Each structure stands twice: as structure tokens, then as C-alpha cells.
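*Asks:* Take a look at this one; I'll ask things after.
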Amino acid sequence: MKVHQFLTSYSYGDAIGNEALEIRNYLRDRGIESEIFSLFYHPRYAGQIINYKEYAKYSAAENVVIFHFSIGSPVTKTFLRLPDRKVMIYHNITPHHFFLDYHRVLAKDCFKGRVELKNLVGKVDLALGDSRYNESELRELGFAPTGVLPLVMDFTKFSRPMVPVIKDIFADGRTNILYVGRIIPNKRIEDVIRVFHFYQRHFNANSRLLLVGEYRGFERYLSALQKMVARLENPHVHFTGHVPEDELISYFRLAHLYLHMSEHEGFCAPVPESFHLDIPVVAFAAGAVPETMQGGGLLLQRKSLLETAALCDRVLRDKSLREQVLESQRRVIRGYHRDRTGRILIRHLQDLTGNDEALNAAGDSSS
Amino acid sequence: MTDEAKTPQEASLFTAAEDIDVREIMADIQRRIQEKKASGVLRQVEIDEIEEMELQPLPDFLEIPNVYENHLYPGQDEKPFEPFHLEPELEGGAAKKVLGVFRRLLMPIMRFMLRPFRTDLQNLVVELHNTNRQDLHHLKSLVPVVQQSKEYVKLLHNTINNMIVEASKLKIEEELLKTKIKVLEDKAAFLEERQRAVEKKLHDGS
């Protein structure tokens, strides 16, 4: 038996892409043949990712195909027509209204994605959500059976040393407040900026905001954010754009606080990453964020920008509070392990395929 | 009082691990904000202005229609152009019959009264008829010209509209380019800092 994966887009540094890669490596390590098929992929992965149209050569009824579903695309139609056993991992679809003012094509794809998701009901053998929040959406739509496959979190990458130059530039005594993620409207970067502005103006002048993430395709949103920064007359907001992994790790290591004000999240990978790196997290409770934080960090229940700025200041000033927050995060992070997700995946596949020898062997080796 | 029963201002701002005293932190936050307000460092106007500040995104030029005929000539598609009727329309139906009866009754008197001028009037009517026929012919020849002119006016409107659309697109493009320049400026500044840091490292190492 072979387990292959389908994706719409495999972007460099993208959480879904990383998840697919981790699953493939995990399965290959256990002797199960596995490939990734995608519609779009970063040229960097040209040798590793195969065009989804070539899947016909690999397709077989005894295979399992895992489809990472997060947006509407022609891949869904191809996936539905396969004779293979079908597993869907639902990473959630951002509600299209967030993109209406900024990206008509993406708004359309997100809308189409919700329609396609409804069409998948009853046509997949197993529907998995990468959080309970996503699984509950699947159940509400009528998918059965469903399950949860937590996002594979590989923290080993954080053992790499910092990029010395980044350290020299940003480790200058200023308090670094960090946001990591794409610069897109549902992340409400404007709220992050405004909270930081209050913090920088009224609580700690010696601070800066680092907004680390890709903005390509959302230049009009970036432009609106820059206009806002100009109106606020705050020169301490830095948009880094997309950065390589070693630089991203450096930004994490330089951060004194992680601030997340997003209004829609299917999982929110930077939160457990911050937990792992002992960075206190202040995040707004939207989508799957409360579930991802599991009681760790500080979870905002409502948006009050000035109060949030004061809260950030308190966490950064009060050592004992900071230690309490970090301890709560450490308790949570112990539950996130790459092997744990792999074992859950193998268990789901065993349930789906019955007594498959390759899976049983893989299950034995991982237990 | 449960959080659901509280107003948004009263509900706790955040939740945290059990060992963290949320109430004490909230009280501290409120106290500090009040202190700043009392000292005049923080004004309510400023808070409101920033909290209510909205993003001003550039319009998407894909949303600007290139053709606006439907707005300028509404209902044009449903009701296509009909040619003008230049033939004189005579009364018809019941009116024609009634008038015919009167005309027949009065005809002997009219003939008697008009007898001295009959020839002149006949010539005049023939002349008027000929003139009208010529005018009618001339007007008919003008119909295609008027229709063509109408199409030219439409084309002109569309051309002006397209020029405005293109100018707007160029303006948006210019704004986006400005953003890109700003990003490049930031990157250049960052690279300069990076260069200095690398030079410093090299200098320290040698």
C-alpha cells in the first residue's frame, strides 16, 4: 500500500506544505511509499513535488490519498474521481469576506472552496481536521467518519543558531514585539499595529514591532497598512516580507512578546512555536486559537487595543507574571510532538484500511 | 455576574492559566490607563481616533468597468432603436368617419365660398405638397446621418470613460508602485544595516 498526498499549493514556508512534507518523511521513514502531488509549487521543490495531473500513473484502488483541503481548486475534482481510498485533512477556509476589498480572485476561490467542501460530504472515506475546531465544522457539514490530526510541529528546526547579522541589528536593547504570518486581511495586522502604537507611545518608547511574513499578492493591503503607519507617524514598525527559515528563527529568538490579533485561524502554528521558544504570547481568541493555546499564554476575549497594549506592558515588565505565563505555555508545549501526530495518522490509516501489513509494521515501529 | 451578562467593557479582557490573577492584572491595567489619562499624557480623543482609524485600501481596478453604456443608456438592450416615422399620419377610426360626414355636408358651401380663390389655393396646395415631399425626402436621407452621429456620441462617451478609467488605473498603479518603493527603501535601509553589521563582524574577526 502507498499513501500519497494532494495539495492545491505548496508554498515555501507554508504551514500546510510543511505538514505535507513532515507526513511524507514520517511515512517514508517507516517504509511506506509516499509522494506529494500539487497544482502549484515553489520552484525550490521542483524535484520533490509532482504535478497532480500525473497522479493517474500512481493511482490504485488499494492506495490511500490524503487531500489537504484549504481552498477551492481543480484539484478537488481530480481527487473526487480517483479510485483510491480518500482521506481529507481540512485546514479550514478563510471566510471570503475578508478578501473582498483586497483580492477578488482569492475571495472567489475561498467562496468556491466552501461550496466544494459541501460537495465532498459522503465522498471521502475519512475527514480529518487539524484541530477540534475544524473537525466540528466537518461534522456540522455532515462528514463521517471524522477525526483530528494535529498539525505536525517540528521544533527541531529551532535548535539552529541565530543569524548573527540579524542579531546584531535587532538585539540592540529595544523590546521586540513579534507577529509571524502572512500579511493578509483576516490576520488583522492593523490591530497589531495599533496595539503596538499605544504600547510604544504610552508604555515603552524603546520598542519595535516586527511583522514577519509574506505580503505578495496583497500589495493593496500592505499599502493600506503602510498608510496607517504613516498616519500614526510611528517609525518603529518593520515589515520584513518573506524571510528564509534561519532568519525566521532569529526573529523568533529576538522577540520579547508574540502578539496575534487574527480574526480567523484554523490552527495558528506560530503560537506553539512561540511557546516552544519561551516567548510570552498574547493572542485574540478567534477560530482554533483557544484550542491551540490550551490555556497557555494570554488569550484575549475581546478587542480593546489600549488595554491590550497595557497588558503587553505588564507581561513585559512583571517578571513573575512573565514566568507564570511561560510556565503555562511550557505545560502546553509538552503535548506537541512530531511523533505523536505521526502515530495518530498511522492509527487513522489502520482504521481505514483494516489490517494492512505495511501500516501495522509502521504502527509497531512508532509505538 | 457571568461574562455573558456583562457589557463588553466589563467583561474580562483576557483569560489565562489558573495561577494567574486576571482580576488583579485588569485592575492594574485600568489604574495605569486612568493615571495616564489624569496626567494628560493620554487623551480620550487620541484613543478614539486610533481605535476608530480605518484602513483606506486602494480600489481594485478590476472593479472599474471599462464600458458604461448600460449606465448612460439604461434599458437600451431591452428597447432597441426604432426608425423615425416621417410620413404624415392622418386621423383614423371614428374621428375620420365623423369628420368625413361634416366635410360632405359642408362641401357645397365651401366650394361656393372658395370659388374665387380656387385656382390660387389649388396651386398653393400643390406647391406645399411638393415642398413637403422634398423636405420629407431630405429628412429621410438625414436619418442614417443622425443615427451614425448618435453612435459617434456613444463612442465618444466610451472613449472619455475609458480615458478616465485608464487614468484612475494609472493613479492606483502609481500608489502601488509607491508602496513597492517604500518596501524597497525599507529593504535597502535594512541591507545597509546588515552590511554594517557584517563589516563590523569581519573587522572584529580580523
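*Asks:* Specify which of the listed residues (A:Lys167, A:Lys118, A:Lys112) is under 22 Å from A:Leu259 (Cβ atoms) and of a type in the set (D, E, K, R).
*Replies:* Being under 22 Å from A:Leu259 (Cβ atoms) and of a type in the set (D, E, K, R) holds for just one of A:Lys167, A:Lys118, A:Lys112, which is A:Lys167.
*Asks:* Every residue in the stretch A:285-303 that is under 20 Å from A:Leu316 (Cα atoms) and either in contact (Cβ under 8 Å) with a residue 40 or more places away in the chain or in contact with a Cys (Cβ under 7 Å, 6 or more places away or on another chain) (or both), please.
*Replies:* Hit for the stretch A:285-303 is A:Lys303, nothing else.
*Asks:* Looking for whichever is touching a residue at least 60 places away in the same chain (Cβ under 8 Å) and over 17 Å from A:Gly342 (Cβ atoms) here; the options are A:Glu35, A:Glu54, A:Glu62. Which one fits?
*Replies:* A:Glu62
*Asks:* Further question: Let me confirm something: among A:Gly142, A:Gly147, A:Gly122, which residue is within 25 Å of A:His337 (Cα to Cα) and either in the same structural domain as A:Ser9 (by TED's automatic domain parsing) or surrounded by 14 or more Cβ atoms within 10 Å (Cβ to Cβ) (or both)?
*Replies:* Going through A:Gly142, A:Gly147, A:Gly122 in turn, the sole match is A:Gly147.
*Asks:* Looking at B:Pro80 and the list (1) within 13 Å of chain A (Cβ to nearest Cβ); (2) modelled with pLDDT under 90; (3) within 40 Å of the chain's Cα centre (by Cα); (4) surrounded by fewer than 13 Cβ atoms within 10 Å (Cβ to Cβ), which single condition is not satisfied?
*Replies:* (1)
*Asks:* Does the stretch B:124-145 contain at least one residue that is out of contact with any strand residue (DSSP E or B) (no Cβ under 6 Å at 6 or more places or on another chain) and modelled with pLDDT under 85?
*Replies:* no
*Asks:* Further question on the same structure: What is the residue count in the stretch A:115-166 for residues that are free of Cβ contacts under 8 Å to residues at least 24 places away in the same chain, more than 30 Å from A:His238 (Cβ to Cβ) and of a type in the set (Ser, Thr, Tyr)?
*Replies:* Count: 2.
*Asks:* Scanning the stretch A:293-314 for residues that are assigned to a loop (DSSP other than H, G, I, E, B) and touching a Pro at 6+ places or on another chain (Cβ under 7 Å), which turns out nearest to the other protein chains (Cβ to nearest Cβ)? Break it down into steps so the answer makes sense when it comes.
*Replies:* First, pick out the residues of the stretch A:293-314 that are assigned to a loop (DSSP other than H, G, I, E, B): A:294-297, A:301-304.
From the residues that got through so far, the ones that are touching a Pro at 6+ places or on another chain (Cβ under 7 Å) too are A:297, A:302.
On the way: A:Gly297: 7, A:Arg302: 5 Å.
That would be A:Arg302.
*Asks:* Suppose we keep only residues that are of a type in the set (Asp, Glu) and facing chain B (nearest Cβ under 10 Å) within the stretch A:315-329. Which one would you say is farthest from B:Arg31 (Cα to Cα)?
*Replies:* Step by step, filter the stretch A:315-329, then rank; the result is A:Glu327.
*Asks:* Among the residues of the stretch A:194-229, count how many are within 13 Å of B:Val183 (Cα to Cα) and more than 27 Å from the chain's Cα centre (by Cα).
*Replies:* Of the residues in the stretch A:194-229, 1 are within 13 Å of B:Val183 (Cα to Cα) and more than 27 Å from the chain's Cα centre (by Cα).
*Asks:* For the stretch A:301-343, what are the residues that are closer than 26 Å to A:Leu149 by Cα and either in contact with a helix residue (DSSP H, G or I) (Cβ under 8 Å, 6 or more places away or on another chain) or crowded, with 23+ Cβ neighbours inside 10 Å (or both)?
*Replies:* Answer for the stretch A:301-343, where residues must be closer than 26 Å to A:Leu149 by Cα and either in contact with a helix residue (DSSP H, G or I) (Cβ under 8 Å, 6 or more places away or on another chain) or crowded, with 23+ Cβ neighbours inside 10 Å (or both): A:Ser328, A:Gln329, A:Arg330, A:Val332, A:Ile333, A:Tyr336, A:Arg338, A:Asp339, A:Thr341, A:Gly342, A:Arg343.
*Asks:* Sticking with this one: Without any contact (Cβ under 8 Å) to a residue 60 or more places away in the chain, farther than 22 Å from A:Ser223 by Cβ and among the β-branched types (Val, Ile, Thr): does that describe B:Ile181?
*Replies:* Criteria not met by B:Ile181.
*Asks:* Of A:Phe218, A:Phe196, which residue is closer than 19 Å to B:Glu54 by Cβ, in contact with a Cys (Cβ under 9 Å, 6 or more places away or on another chain), assigned by TED's automatic domain parsing to the domain that holds A:Leu178 and surrounded by 20 or more Cβ atoms within 10 Å (Cβ to Cβ)?
*Replies:* A:Phe196
*Asks:* Looking at the stretch B:25-77, which of the residues that are acidic (Asp, Glu) and surrounded by fewer than 11 Cβ atoms within 10 Å (Cβ to Cβ) is modelled with the lowest pLDDT?
*Replies:* The residue in question is B:Asp77.
*Asks:* Right, here's the next one. What tally of residues in the stretch A:276-292 results from selecting those that are more than 12 Å from every other protein chain (Cβ to nearest Cβ) and within 21 Å of A:Leu210 (Cα to Cα)?
*Replies:* Within the stretch A:276-292, residues that are more than 12 Å from every other protein chain (Cβ to nearest Cβ) and within 21 Å of A:Leu210 (Cα to Cα) number 4.
*Asks:* Here is a follow-up. What are the pairs, 6+ residues apart or on separate chains, where a residue within the stretch B:38-50 that is facing another protein chain (nearest Cβ under 10 Å) has its Cβ under 8 Å from a residue that is among the β-branched types (Val, Ile, Thr)?
*Replies:* B:Leu42/B:Ile33
*Asks:* Moving on. Please work out which one of (1) modelled with pLDDT under 90; (2) touching a Leu at 6+ places or on another chain (Cβ under 6 Å); (3) of a type in the set (D, E, K, R) is the condition A:Glu190 fails and give its number.
*Replies:* Against the list (1) modelled with pLDDT under 90; (2) touching a Leu at 6+ places or on another chain (Cβ under 6 Å); (3) of a type in the set (D, E, K, R), A:Glu190 comes up short only on (1).
The values are calculated or read from the model by the stated rules, or taken from the named source; none is laboratory data. What you see is a predicted model; the values in this text were computed from it and never measured. All Cβ positions, glycine included, derive from the backbone under ideal geometry; neighbour counts span all protein chains shown.
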